[in-house]
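Before any comments, here is the structure.
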Amino acid sequence: MSRKSEVTQSDAEAAVRILIEWAGDDPDREGLLETPARVARSYRELFAGYESDPKDYLAKTFEEVAGYDELVILKDIPVVSFCEHHMLPFIGRAHVGYLPSSRVVGISKLARVVRGFARRLQIQEKLTAEVAGAIQEILKPKGVGVVIISEHSCMTMRGVNTPGTRLTTSHLLGEVRDDPRTRQEFFDLVRQPDR
């Protein structure tokens with residue numbers, strides 16, 4: 001998915017100037033002069049997930065696993081995404097696991113997949129399902145499990161104003177969902193504190 005918009009950097013900066021004025025400030029005062037350009041550049045980075053397909057990170061895999069066929073879990077992957085309803089950030093951690101069938105992927109690629117999908121406007125439930133679905137589609141493992149836990153600014157800074165509350169979502173596929181022992185092992189390993 002790539003950006004095919006006709007909207008320019010200048011258009012984005014003009015929109016930020018309008019928001020500054022709408023909020024009640026003067027976009028021409030010294031402290032705000034460069035703000036529209038900074039905001040537009042930061043949004044380009046924060047929404048970089050639209051520039052590429054995160055599934056591409058999973059293309060290179062490795063067969064030499066010496067018969068390894070147990071869960072592979074990467075924990076505490078930082079998540080920074082934006083609520084599509086309020087354009088406010090939700091920040092947390094993702095835990096991603098899969099049960100290889102015959103191939104594994106470099107662990108940094110799992111973190112890149114999470115980041116690639118996270119850098120878009122969305123809801124956390126969709127993000128969780130997209131990460132799991134991409135791993136299932138490309139790696140074709142026996143099963144996949146993804147858990148994301150995050151705090152949503154749209155709820156903690158405004159609206160109900162409940163700082164410290166966190167949303168937990170999970171998406172399980174294949175044996176991680178269907179085999180009770182594998183499912184339990186996945187959740188036990190995700191919950192296990194680091195030593």
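The values are calculated or read from the model by the stated rules, or taken from the named source; none is laboratory data. Since we're looking at a predicted model, the values are computed, not measured. Cβ atoms come from the backbone with ideal geometry, glycine included; neighbour counts cover every protein chain shown. Each accessible area value is taken on the protein alone, full model and side chains, heavy atoms only, with ligands, DNA and RNA left out. Shrake-Rupley method; radii C 1.70, N 1.55, O 1.52, S 1.80 Å.
Structural remarks
- Taking helices (runs of 4 or more DSSP H) as the structural unit, those lying wholly within region 118-195 and holding at least 1 residues that are open to solvent by 60 Å² or more (accessible area, probe 1.4 Å) and modelled with pLDDT of 95 or more correspond to 124-139, 175-178, 180-191.
- Residues that are assigned to a helix (DSSP H, G or I) and buried (at least 16 other Cβ atoms within 10 Å of the Cβ) do occur in region 92-110.
- Pair list, Cβ < 7 Å and 6+ apart or interchain, from region 62-87 residues that are in contact (Cβ under 8 Å) with a residue 12 or more places away in the chain to residues that are open to solvent by less than 80 Å² (accessible area, probe 1.4 Å) and polar (S, T, N, Q): 63/102; 79/150; 81/122; 84/122
- The set of residues in region 44-86 being of a type in the set (A, V, I, L, M, F, W, C), over 14 Å from residue 111 (Cβ atoms) and surrounded by 13 or more Cβ atoms within 10 Å (Cβ to Cβ) consists of 46, 47, 48, 65, 71, 82, 83.
- Top-ranked residue in region 23-74 [being among the hydroxyl-bearing types (Ser, Thr, Tyr), part of a helix (DSSP H, G or I) and closer than 19 Å to residue 115 by Cβ; ranked as nearest to the chain's Cα centre (by Cα)]: 50
- Any pair with Cβ under 9 angstrom, 6 or more apart, that starts in region 1-16 at a residue that is over 16 Å from residue 42 (Cβ atoms) and ends at one that is open to solvent by 80 Å² or more (accessible area, probe 1.4 Å) and modelled with pLDDT under 95: 1/51; 2/51
- Residue in region 76-85 that is out of contact with any helix residue (DSSP H, G or I) (no Cβ under 8 Å at 6 or more places or on another chain), of a type in the set (Val, Ile, Thr) and at negative phi present: no
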